[in-house]
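As structure tokens, the structure follows; a few thoughts come after it.
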Amino acid sequence: MSNRLLIGSIIGTAIIGGYLLLNGQFTRRLINTSLSFQLSQKQEISNQSNQSADIKMPNECAGKLTPSLTEGPYYKVESPMRTNLREEGIPGAKLTLTGYVFDTNCQPVEQAWLDFWQADGNGVYDNFGFKLRGHQFTGKDGKYILETAIPGNYPGRTPHIHVKVNKVRSSEQTPILTTQLFLPDEAQNKTDSIFDESLLIKISDSADGKIATFNFIID
Ligand code: FE
């Protein structure tokens, strides 16, 4: 009788143990499925946020050279290296201009040199100092970012931002692009003979002032 009991309890334990083991595997499988689902959701969310980042920072490149335009009379060499041209007391609403520098094969240009200069919100250039003047270099991804003021117009000219762009720090090896960027919806765009609509920046509103984008394509 005790032998039967012993055998019975061994079989019972084996059945219960087997059930728990199988059940444990099933539970683990459920957790794994749920985790992979969460991971795939996370991946999807991250893809979505990358997409929205791309909308804000379009990396469009048609491979066509950015047109050059006249330098004008107010360029000064040896501007300070900086990405933020906004200083205390400078007239003009905040504008953040950002984009990429590409070559004609649409490859990002690392260490491209960009030298910006412009009038303030009242249409006045600083020809004594370096207000609203500054140069910078792109990062590995060819990206630049400039914090500045929205320029005002001055006699004969619609609002614009001057810029020089070059592939290398030394400006001797490749041609320097000298051009101007324009703002959309400016009445004087229609009457300014220098204006070129392919040099319009794309502007949108943000909580932190106007955000604009423009991609350069250089030789
Ligand atoms: Fe100008």
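Bear in mind that the values in this text are calculations on the coordinates, not laboratory data. None of these values were measured; they are calculated from a predicted model. Backbone-built Cβ (ideal geometry, glycine too); neighbour counts: all protein chains shown.
Annotations for the structure displayed:
- DSSP-assigned coil residues among chymotrypsin sites (Phe, Trp or Tyr not before Pro) in the range 103-146, each with at most 13 further Cβ atoms within 10 Å: Phe128
- The Cβ shell under 12 Å around Leu200 holds other residues with a net charge of -3, Lys and Arg each +1, Asp and Glu each -1.
- Taking a sphere under 14 Å around the Cβ of Thr158 and counting the other residues whose Cβ falls inside, with K and R at +1 and D and E at -1, yields a net charge of -3.
- Remark on the range 86-127: ratio of C-alpha radius of gyration to 2.2 N^0.38 Å is 1.60.
- With 27 Å as the limit on Cα-Cα distance, the pairs of Lys64/Lys167; Lys64/Lys94; Lys164/Lys202; Lys64/Lys131 that go past it are Lys64/Lys94; Lys64/Lys131.
- A straight chain from Lys94 to Tyr74 at 0.36 nm per residue would run longer than the Cα-Cα distance by 5.0 nm.
- Of the GluC sites (Glu not before Pro) in the range 131-206, the ones in a loop by DSSP (not H, G, I, E or B) with at most 13 other beta carbons within 10 Å are Glu172.
- Here's the list of aspartates and glutamates a cross-link from Lys210 could span, going by alpha-carbon distance under 12 Å and ignoring same-chain residues fewer than 8 apart: Glu147.
- Efficiency of FRET between Glu60 and Gln173 - r from beta-carbon atoms, R0 22 angstrom, step 0.05: 0.25
- Tail weight of P(r) past 13 Å, computed on alpha-carbon pairs of the range 139-204, percent: 70
- Looking at the range 77-166, the trypsin sites (Lys or Arg not before Pro) that sit in a DSSP loop and have at most 10 other Cβ atoms within 10 Å of their own Cβ are Lys140.
- Potential lengthening between Asn105 and Arg82 on full extension [0.36 nm per residue; Cα-Cα distance subtracted]: 5.5 nm
- Modelled spin-label separation between Asn127 and Lys210, with each label point placed 7 Å from Cα along the Cα-to-Cβ direction: 2.5 nm.
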